[in-house]
Structures are given as structure tokens and as C-alpha cells.
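Each remark here refers to the structure printed beneath this line.
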Amino acid sequence: MPNIEIADAPKLQAAMSHAAEQVDKAMDRLIPKNEGRENALFEAMRYATLGGGKRVRPFMVLSSAKLFGVNDDSALRTAAAVEFVHCYSLVHDDLPAVDNSDLRRGRASCHKAFDEATAILTGDALLTFAFEILSDPATHDNPAICCRLVNKLASAAGPRGMVAGQILDLMAEKKDFDVGQITRLQRLKTGQLFAFCAEAGAILGQASTQARDAMRSYANDLGLAFQMTDDVIDVEGSSLDTGKPAKQDEAAGKSTFASLLGVERTREHAQMLANQAIAHLGDFDNRADPLRDLARYVVLRRA
Ligand code: GRG
């Protein structure tokens, strides 16, 4: 039985839905429209980003931004940039050369809805567009802050972050990884982007180093708890809930937390990490409650 409960689940649900709506509108505004023949690319970018997904990363950016008094426009642009990077990773992850997945967010994956070349270009466009958005003065009027956001997101998504995690993930299909190696893989593949999301509000709000560190520590534990829950969902979930094929890890012969520790222990570890994530927010007042509730939600979710 989960020993974590969300005190006010409807409130969290409403807050997450509101954040998703806001970030969807921001992404829609940002993606170019009606610029001639390349509209086909913009259409694929819209398809890959809008109308689906839990929007956990944007919710984290927006909650972190609220905590540090950041204006809505800066927060939404940053949240959209992170979601663009996340969506690029999903589009490329689904490609035939990688996971070869036909289903994503309950509908045809990008290369199935369009074609492979378009899906590759869509991922490229989303990734680079994220940095165009962050470096624009509309995100922050202080260029040093924009530069810090660009630097932090690039390092979270790049060769010492998500992409490094992804290459380790591909290796995990062919080699037996132990729990330590899986932990490192997941910290890179999912955790680094989570850490950026939690820290982004503190960067935009020019918070203290101590506050930034607390946010990163929160996200590191949350990211791992999220991934452990993902492993459990892959074993136990149905594609009806997740909108992607079930038991993909097992089919790929991949070592995961669930395959190494078993489902129950993985769930327990995830709960322990969620509690630890919440403990890192100890210095913040109730404005950090959405982030506390998010940690509780992450280990109870079914999709
Ligand atoms: C190998 C060419 C090539 C590309 C791979 C870098 C990269 C592209 C992929 C990174 C790995 C990856 C897909 C990370 C995301 C892992 C993850 C937990 C995805 C699911 O996130 P959710 O549950 O999904 O937040 P929604 O749909 O809710 O946004």
C-alpha cells in the first residue's frame, strides 16, 4: 500500500490542468504560423507538442517561478522551452532506429503521422527553437539570466545530460546494468531535465545559491522517483492509461529498477525518494506546496 497521500488531490489536478492549458497556449503562440511551404514543419511541431502529455516539467517550472516571484510571461516562455526539448526527445526516441514506437500520447507517433525525415527535422527544430526562446530578451531583460538559462538547459539536455543517459539506455538493452548503473543512467536521462525545471524559477527570480541548491536536490530525488514509477508502470500499466505501448522495457530485454529490485521494492524506493524530495523544500513556506504535492503525485500516478 502506498504510504504517500495527496492531501488535496483535486487541487493539484486543477493546478496541473491550468498549467497545461497555459503552456499549451504559450507553445501554440510561439510556434511559427503561415510562413509558406515550411508550414509542413510547423504543423509537425504542433502535432508533436500540443494536446497531450502530463506537462510535469512545465508544471515544475511554473511552480518554481511562482515560488521566486517571477512574472508569468518569463515563466511560460521557459516552461514552453523545456517542453519543446522534452517533446524533441520523445519524437527522436520513437524513431525506428531507436525505440521504434508507433504510439505516443495515445496517438500515432510523429514519424507515423508524418514520415521519418519530417520527424527527425521536427525534433531538430524543437530542440534549437527552445534555445531561441530562452535567449530572447522577452524571456528576461537581463542577458546574463538568459545566458544562464541557455547554459543550464544545454548542459541538462546535452552530452553530459539527457543524451548521455539515452546512449547508456541503448547500452542497457545489450548489457546487464546493475542498480548503480541504472541510477546513473536515469539521473542523466530524466533527472537532469527535471533539475533544470526546478532550478529555472530560482534562476529567473535571482534567488540565493542555497535556494537553487535546494531546488536541484528536490528535483534529483523527484526525477529518480519518477523514473522508478515509470518502470513499475511499464510492467503493470496498460497502453490505455499510458498512451504508449506496454511492457516495452521487457520486450527490449532492458535492465530496469523493476527488473532488478522487483516491483514492490521499486515502489518503496520511489516513495522514499519522494519523501526525501519534499524534505529538501523544508526552508520554503506554503508557496512550495504545489511542488510537495507534485512529489506525492509522481509516485502515485498510473500514466
Ligand atoms: C538516439 C537519435 C536518438 C534520439 C533520442 C535524447 C533523446 C532522443 C531521448 C532522451 C530519452 C528520453 C525519451 C527521455 C524521456 C524519458 C521519459 C521519462 C519520458 C516520458 O516522460 P513523461 O511521462 O511523458 O513526462 P509525457 O508524455 O507525459 O510528457
PRE reach from Ala251 (point 7 Å along Cα→Cβ): which of the stretch 169-199 fall under 15 Å by backbone N?
none
Expressed in angstrom and rounded, the centroid-to-centroid distance over alpha carbons for the stretch 105-143 and the stretch 45-78 is 15 Å
Among rounded, prolate and oblate, which fits the stretch 74-189 when a ≥ b ≥ c are the square roots of the eigenvalues of its C-alpha gyration tensor, a/c under 1.5 means rounded, and a/b larger than b/c means prolate?
oblate
Residues in the stretch 66-89 that a label on Arg29 would reach, taking backbone N under 18 Å of a point 7 Å out along Cα→Cβ:
66, 70-84
Using a Förster distance of 25 angstrom, determine the FRET efficiency expected from the C-beta separation of Glu264 and Met171, and round it to 0.05.
0.40
Decide, for the stretch 214-303, between rounded, prolate and oblate: order the square roots of the alpha carbon gyration tensor eigenvalues as a ≥ b ≥ c, take rounded if a/c falls under 1.5, and otherwise choose prolate if a/b is larger than b/c, else oblate.
prolate
Based on Cβ point charges of +1 for Lys and Arg and -1 for Asp and Glu, what charge dipole magnitude is obtained for the chain about its Cα centre, in debye rounded to the nearest 20?
220 debye
Rounded if a/c under 1.5, otherwise prolate or oblate - the stretch 1-160, Cα gyration tensor axes
oblate
Where labels lie 7 Å past Cα in the beta-carbon direction, separation of Cys147 and Arg301 in nm
3.5 nm
Would you calculate, for the chain, the mean residue ellipticity at 222 nm contributed by helices, counting each DSSP H stretch of 4 or more residues as -39,500 (n - 2.57) and dividing by all residues, to the nearest 500?
-22000 deg cm²/dmol
Residues with amide H under 5 Å from that of Leu103, placed H, sequence gap 5 or more
Ser109
Around Gly191: net Lys/Arg minus Asp/Glu count, Cβ-Cβ under 11 Å
+3
If R0 is 30 Å, what FRET efficiency do you get for Asn100 and Gln13 from their C-beta distance, rounded to 0.05?
0.35
Under the definition of Cα pairs under 8 Å and six or more residues apart, what whole-number percent is the relative contact order of the stretch 177-288?
31 percent
Can you tell me, using C-alpha contacts under 8 Å and at least 6 residues apart, the relative contact order of the chain as a whole percent?
21 percent
For the stretch 147-221, what relative contact order do you get, as a whole percent, if you take Cα pairs closer than 8 Å and at least 6 residues apart?
33 percent
Give the residue list of trypsin sites (Lys or Arg not before Pro) in the stretch 128-229 that are DSSP loop and have at most 15 other beta-carbon atoms within 10 angstrom.
Arg160, Lys174, Lys175
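No lab work stands behind these numbers, since they all come straight from the coordinates. In this text the structure is predicted, and so the values were computed from the model without any measurement. Positions of Cβ are backbone-derived with ideal geometry, glycine not excepted, and every protein chain shown enters the neighbour counts.
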